[in-house]
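Bear in mind these aren't lab numbers, they're just calculated from the coordinates by the rules spelled out. Just so it is clear, the model here is predicted, and its values are computed rather than measured. Cβ placement follows ideal geometry from the backbone for every residue including glycine, while neighbour counts extend to all protein chains displayed.
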Amino acid sequence: MYRTHTCGQLRASDAGKKVTLAGWVQRSRKLGGMTFIDLRDRYGITQLVVKADAPAELVETANSLGREFVIQATGEVVERESKNAKMDTGDIEIQLDSINILNKSVTPPFTIEDNSDGGEDLRAKYRYLDLRRNPLQRALKIRHNIAIEIRNYLDSQNFMEIETPYLIKSTPEGARDFVVPSRMNPGTFYALPQSPQTFKQLLMVAGYDRYFQIVRCFRDEDLRADRQPEFTQIDCEMSFVEQEDVLNTFEGMMRTLFKKIVNVDIPNPIPRMSWYDAMDKYGSDKPDIRFGMEIHDITAQTKGFGFSVFDSAEYIGSIAVPGAASYTRKELDQLTEWVKRPQVGAKGLVYIKLNEDGTVKSSVDKFYTPEQIQAIVAAAEAKKGDLVLILCGAKRKAQTMLGVLRIEMGNRLGYRDPKVFAPLWVVDFPLFEWDDETNRFYAMHHPFTAPKPEHLDWYYSDKKEDLERVCANAYDFVLNGTELGGGSIRIHEAAMQERMFEILGITKEEADYKFGFIINAFKFGAPPHGGLAFGFDRVCALFGGQETIRDYIAFPKNNQGRDVMIDAPSQIDQVQMDELFIQSTFKPEE
Ligand code: ASP
């Protein structure tokens, strides 16, 4: 037996016991003839001591230990004279009578402590060393605990965990596929799943009724923000359900997780908001409802009074920022520059200050009478002390910009307390999004999402404006301005699925080639069904209280989609290429 206890286990009540620990030397130091060693394993750190009068050989071994040596140490647990309340094992130390060096270590490239001195790139290259650090061990432990709770909850609701294949034919979720060449079928390729969408639907056709899987998904996207090319979903599907059943089941799951993992009671029921309200009031399909500062449509009060910028705009909207009337000229100029950045994309910013002394000052005073300004202020629902910020443009675009500005002002005012959890279901999404560039409709969720039954006439209409009005039975789970999951009630009839592909401009031949299997399956008694998927990595980051999902993935990729530890992706040798009948046309730039 290598050890009798772990490094996180021993307490004052163990004093007098003879124990053996095994672990890594975090650091060792000499003090007044004694040697102190911090020994670390997954469970904690225990202080070891070699006394000055210990046998010379032992003292010598103790003094030869370098950082990250792996040792086995035997001795007696003694209560410490000076206790360390910050450590779980801080009441004791082990007075050693033997040290067995199990393995040496070269000097690690950074200190393996809670606050490491290693930069991000270096730690990524030596991820296995970074993973020895406490914060990462805690993160992976939370991930494990959440997975267990999810499995328990879904099992209690009769869900079965069923694996689906990774080598498949493309499943469109709006990103590019990663592809894998097939040696046995030369010239052909598998796609890695962007999600198990079609498979879980086929499992419903197969009668499995309630399916889930904690499953890896692959999307070849530019890695904006906090994305990974491979990530994990909690993927679920249910038969004989309506939207209400799905929302209730997964509200239950999220409630259980919040309670069990962070002991938080989330609102019951979780509020719901239509996509249209979310866009109109918050300028986002994932609104942060921890604070108000809602957007108001002030087009009627501002358009047609001779201010040409507004007169030529489709939509003019505002937010009223509490207490910000005190913004100085300089601060307003900076804010104007901020909204002009490409990330926001506004052309300019109009403001009205409602000073505490009752005076009103705006950047458009010369275009409006004081009464007209008052009418704008009333429509913006602003109060004394507020700063009214106004943007204009095409309706949804202007609302989106106002939404970004609202979040920024919410951050500046400290309205986005990470300890407050405001979950929300966003429902009633439009089924389609029109794209001017390609001149066609796209599925807002994915092409297997069903239209609302009451919108079927529009769904089968040929008019663009009818199709634009069709709502989907789709829903997103949003928390504090982040989308954690989403799904829909699905199409389960072949003819309706074929109509979907037709609207999306996919020819019959192409639809048959790409999706014939699912259209066909729907001809064999497909039950009504629906489901959703949550981003598991993001759920973990949320409960762990961190912004980045990278800490919750044992071996993540960097911003360029590279694993710098194993140096992937990399070239493969010519023999492999030849076997696959592949030639690279890539020419590295000089
Ligand atoms: N497959 C969808 C996604 O990955 C989720 C769903 O509709 O169930 O977003």
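Below is a table of values for the structure above.
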| quantity | calculated |
| --- | --- |
| Debye intensity ratio I(q)/I(0), log10, the stretch 461-512, q values 0.21, 0.26, 0.28 Å⁻¹ (C-alpha model) | -0.91, -1.05, -1.10 |
| Antiparallel %, DSSP beta bridges [both residues in the chain], to 5 | 95 percent |
| Helix 370-379 vs. the chain, principal-axis angle (Cα, 0 to 90°, nearest 10) | 60 degrees |
| Residue exposure sequence - 212, 581, 178 - by fewest surrounding Cβ within 10 Å | 581, 178, 212 |
| Mean residue ellipticity (222 nm) of the chain, computed from DSSP H runs ≥ 4 via -39,500 (n - 2.57), nearest 500 | -8500 deg cm²/dmol |
| Globularity ratio of the stretch 283-371, using Cα Rg and 2.2 N^0.38 Å | 1.16 |
| Table column - 3J(HN,Hα) (Hz), the stretch 25-37, Karplus curve with 6.51, -1.76, 1.60, x for Gly and Pro | 6, 6, 7, 9, 8, 9, 8, x, x, 9, 10, 10, 10 |
| Radius of gyration and maximum dimension Dmax of the stretch 1-42, Cα, Å | 11.7, 33 |
| Karplus (6.51, -1.76, 1.60) ³J(HN,Hα), θ = phi - 60°, over the stretch 499-506, in Hz, Gly and Pro reported as x | 4, 4, 5, 4, 4, 7, x, 9 |
| Relative contact order for the stretch 92-217, counting Cα pairs under 8 Å that sit 6 or more residues apart, in percent | 18 percent |
| Least to most buried among 498, 356 (fewest other Cβ within 10 Å first) | 356, 498 |
| Cα shape, the stretch 216-325, gyration tensor, a/c 1.5 rule | prolate |
| Where N is the number of residues in the stretch 493-576, Cα Rg divided by 2.2 N^0.38 Å | 1.77 |
| Karplus-derived 3J(HN,Hα), 6.51/-1.76/1.60, for each residue of the stretch 459-471, Hz, glycine and proline x | 4, 9, 7, 8, 7, 4, 5, 5, 4, 5, 8, 5, 9 |
| Cα shape, the stretch 116-181, gyration tensor, a/c 1.5 rule | oblate |
| Exposure proxy ranking, count of Cβ atoms within 10 Å, fewest first, for 557, 395 | 395, 557 |
| Prolate/oblate/rounded label for the stretch 214-270 (Cα gyration tensor, a/c 1.5) | oblate |
| Volume per residue that the Cα convex hull of the stretch 504-553 spans, once the total is divided by residue count, Å³ | 160 Å³ |
| Kirkwood Rh, angstrom, the stretch 367-504 [1 / mean 1/r, Cα pairs] | 18.2 Å |
| Per-bin percent of Cα-Cα distances, the stretch 271-331 [10 Å] | 19, 35, 37, 9, 0 |
| Distance histogram in 20 Å bins (all Cα pairs of the chain, percent per bin) | 16, 38, 32, 12, 1 |
| Other-chain or far-sequence residues with amide H under 5 Å of residue 161's (modelled H) | 212 |
